[in-house]
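What follows is a short report on a single structure.
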Amino acid sequence: GVELLDKKVGVAVPDSVCSERAVAVVKSGRPFEPQQTATILSHMAGHILGIEHDEDGGCVCDDEFGCIMSTEVLGAGGFHSRMFSTCSKADLDVSLNMGITSCLWGAPQIQ
């Protein structure tokens, strides 16, 4: 099992979107705040799609509330992050160009 300690709100397997190991675990301490849950889910999906934390790439977020891929996923001052940074968009472009998202573009294969 996975135990989320401290301020961790989830874990995800990076760059795994089209693999058998694609998984994310999310903890929502406030189930009646759908914006918070949506932000956390977006953050974890970003990792699965190959997007790193903004701070890992030296990126600066242009939004006063913080960006979705910040290490502080819940945003500055308790406000919910609402946008992806320029660096996050560039990371996604790299993933798309490398083909790790190729399974998303065709019809599912029934076995």
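Coordinate-derived values only; no laboratory data. Since we're looking at a predicted model, the values are computed, not measured. Here the Cβ positions follow ideal geometry from the backbone for every residue, glycine too, while neighbour counts run over all protein chains shown.
Laid out as a table, the results:
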{"read-out": "Cα centre as origin, Lys/Arg/Asp/Glu Cβ charges: the chain dipole, Debye", "value": "420 debye"}
{"read-out": "Among 12-20, 36-44, 87-95, 65-73, the order from most to least packed when residues are scored by Cβ within 10 Å on average", "value": "65-73, 36-44, 87-95, 12-20"}
{"read-out": "Ellipticity estimate at 222 nm from DSSP helix runs (n ≥ 4, -39,500 (n - 2.57)) divided over the chain, nearest 500", "value": "-8000 deg cm²/dmol"}
{"read-out": "Length-normalised contact order for the stretch 10-97 - Cα pairs under 8 Å, 6+ apart - percent", "value": "25 percent"}
{"read-out": "For the chain, average projected area of the Cα convex hull in nm²", "value": "8.4 nm²"}
{"read-out": "Residue 79-residue 18 FRET efficiency (beta carbon distance; Förster radius 22 Å; 0.05 resolution)", "value": "0.10"}
